[in-house]
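Structure first, commentary second.
The values are calculated or read from the model by the stated rules, or taken from the named source; none is laboratory data. Only a predicted model underlies this, so the values are computations on that prediction, with no experimental measurement involved. Backbone-built Cβ (ideal geometry, glycine too); neighbour counts: all protein chains shown.
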């Protein structure tokens, strides 16, 4: 536990004008980046690195922290209004939030996105401040076995984000996992499914695929469903930022707490990050909800849990980065590099030799997440004008964002071609009733699943029982097996009850036919 003197000293450093200005400018920049489809929080952080060369260590990190926190939250804006996720994390619940817009609840969807993101971020920052070293030690005990089960748990959410047809959701997931195998084999380094193309050896990035399947396919859908080229935008209703949030908080208090807790726990695992937390949080919310049938129709419960986990995972990803110098995700990897460049080496010695520095970095999370309330208010008020823009204007803007976001991944046209192909595939999939979200889920978790499975099998010499030998892995494995069996039993019971209902209807129809035949004979 940190002393009051360290906290006071760190707070004094954070309150300096240079740091506060960096936090504010980073938040405004993150709001702009996150609101543009295809420009991710990681990309926004990478673009800031050249600017940090001319800044002191704390303002440089504060700039990165605030821009990332705001970009993650602002990613909900295009997802809610246009069904185009601004960030990979928001792809988990884009359909849900867009359905709220369709039903005239865009104000509520955007409000709970910013409010509960800020809440989750503040909770994650508190956990980082109080129990950071302890959680870092726990996360370092995770081996390839635990990471494998965690990836499987994430894949199980496929059934929960696939709507009513789980079979088609499973097909979409397998398609995503198949695309994830393109590139070099993780063990032998041999090319797989590259067809002699040099670009495919690096694999298929999920960013262009996500942009294509959500954004470009939406443009194709607009042109094919409306011959005039004009699209009737949904009536978003009256925009009153943060109205009704208190009622939602009272109605779903455990959703916000559970989402923040899950985001904090998953984000603390090195190499996992907050994107997976959003998928798991949304899936678990639907699993434990009293009204799971409302999900996919514009239900706020799942959004509360998923958005709470976003920024909580973002904060806790700094636990291994600050305490042990091990990046928790791509953003913290960039930030750790900036710290080393500034002569600040993250790790246990930093807390002993200069405890004010890591504490001040943690303090910037509080200030950054508090900024979500005023800037979120402004963003929600302005966001309604997005839908008032004529389609003839907004489509070219979205197309430019699609091309820029896809090109910026590797600075080649390869990403653009992937985006275009994914857009056509996504359009055809949705037209035939196959959900898109499981494809993105498979792309994100495929490499994690494969890498940790192969590593685990090498450690156990092919013995599958080795996945249950470690206590944490055993607990996760038994939990996942129980969830899987429960889902199978539930599906079989539903099928049997449906089959019995069909037999009953057939008997009634046959009886009616017999009665009509007899009356005709008479």
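Entry remark, the range 172-182: residues being part of a helix (DSSP H, G or I) and buried (at least 16 other Cβ atoms within 10 Å of the Cβ) number 7 in total. Number of residues in the range 438-458 that are surrounded by 24 or more Cβ atoms within 10 Å (Cβ to Cβ) and farther than 12 Å from residue 206 by Cβ equals 1.
A Cβ distance below 7 Å, combined with a sequence gap of six or more or placement on separate chains, defines the contacts here; from the range 407-427, residues that are touching a residue at least 60 places away in the same chain (Cβ under 8 Å) reach residues that are not in a helix (DSSP H, G or I) in the pairs 409/205; 415/205; 418/204; 426/436.
Residue count for the range 401-438 under the criterion of being assigned to a helix (DSSP H, G or I), at pLDDT below 80 and out of contact with any helix residue (DSSP H, G or I) (no Cβ under 7 Å at 6 or more places or on another chain): the result is 3. Is it the case, given these coordinates, that residue 277 is at pLDDT 80 or above, in a helix (DSSP H, G or I) and under 18 Å from the mean Cα position of the chain (by Cα)? So residue 277 does not fit the description; no. One residue alone among 363, 357 is modelled with pLDDT of 80 or more, buried (at least 18 other Cβ atoms within 10 Å of the Cβ) and within 16 Å of residue 119 (Cα to Cα), and that residue is 363.
Each residue in the range 289-322 was checked for being part of a helix (DSSP H, G or I), modelled with pLDDT under 80, surrounded by fewer than 24 Cβ atoms within 10 Å (Cβ to Cβ) and in contact with a helix residue (DSSP H, G or I) (Cβ under 9 Å, 6 or more places away or on another chain), and 1 pass. Cβ-Cβ contacts under 7 Å between residues 6 or more apart (or on different chains), taken from a first residue in the range 341-354 that is farther than 11 Å from residue 57 by Cβ and outside the structural domain of residue 319 (by TED's automatic domain parsing) to a second residue that is outside any loop (DSSP other than H, G, I, E, B) and modelled with pLDDT of 75 or more, are absent.
Test of understanding: among 246, 259, 263, which residue is surrounded by 24 or more Cβ atoms within 10 Å (Cβ to Cβ), at pLDDT 80 or above and more than 14 Å from residue 154 (Cβ to Cβ)? Only one candidate qualifies: 259. Picking from residues in the range 183-224 that are touching a helix residue (DSSP H, G or I) at 6+ places or on another chain (Cβ under 8 Å) and in a loop (DSSP other than H, G, I, E, B), the one that is farthest from residue 82 (Cα to Cα) is 187.
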